Amino acid sequence: MGETLELNPNRSSVRWYGTNGSPVIAEHTGGIKIKKGKVIVNTGGELTAAELVMDMTSITNDNLSGELQNKIVQHLKSPDFFDTKKYPEATFKSTQVQKISDKKYQIVGQLTIKNTKKNTNITGFYTTDGFNYSFKGNFIFDRTDFDVKYGSGKFFSNLGDKLINDTVKLSFDLKANPV
């Protein structure tokens, strides 16, 4: 059998990293709160499944301040990007988990953003002391696969310094405890 572990949203985090495509590359960073999630471990304590629900209405930016910060957050929440009024959640659900080494795992699953599902591979590191469970890692996805096309060179020409790279990196640190 195994054990289901609920994620602790207050101790877990998801970070995003995006860049523009102008000659002077600017990176923007921020966070997304975790609404809920769970991991399943087998009797040997090895990770066998994972599910995560992210609260897209909580998206933040932390490398700007004041009006610029507010402007980018509102734009990310708008229909140009993640349309958080219509799609307030993004999810990940594993379909396969493979242990690569003592603490390293490869997780294959479906990432859902704006009701679009795409297969995603995540490599991360899983640790436990028998009560505290942690899974850390990151992955890169193409935002245009999820109908987030604003400023994409794939869909618009002559963007110049308005070009936004299509790849987004998500970094996560998920903490769970037995239920």
| field | Within the stretch 1-100, strands (runs of 3 or more DSSP E) holding 2 or more residues that are of a type outside the set (Ser, Thr, Tyr) and within 23 Å of residue 142 (Cα to Cα) | value | 13-19, 27-42, 47-55, 89-99
| said: Just checking, does the stretch 111-131 include any residue being surrounded by 16 or more Cβ atoms within 10 Å (Cβ to Cβ), out of contact with any Phe, Trp or Tyr (no Cβ under 8 Å at 6 or more places or on another chain), aliphatic (A, V, I, L, M) and at pLDDT 95 or above? | reply: no
| query | Could you say whether any residue in the stretch 12-23 is more than 23 Å from residue 147 (Cα to Cα), surrounded by fewer than 18 Cβ atoms within 10 Å (Cβ to Cβ) and either under 18 Å from the mean Cα position of the chain (by Cα) or of a type in the set (Lys, Arg) (or both)? | reply | yes
| task | Can you confirm whether the stretch 38-50 contains a residue that is over 23 Å from residue 119 (Cα atoms) and at pLDDT 95 or above? | result | no
| For residues in the stretch 144-157 being modelled with pLDDT under 95 and among the charged types (D, E, K, R), which is nearest to the chain's Cα centre (by Cα)? | 147
| query | Quick check: is even one residue across the stretch 79-89 of a type in the set (S, T, N, Q), at pLDDT 95 or above and within 19 Å of residue 147 (Cβ to Cβ)? | reply | yes
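The values are calculated or read from the model by the stated rules, or taken from the named source; none is laboratory data. What you see is a predicted model, and the numbers here were worked out from it, not measured in a lab. No Cβ is skipped: glycine too gets one built from the backbone with ideal geometry, and neighbour counts run over all protein chains shown.
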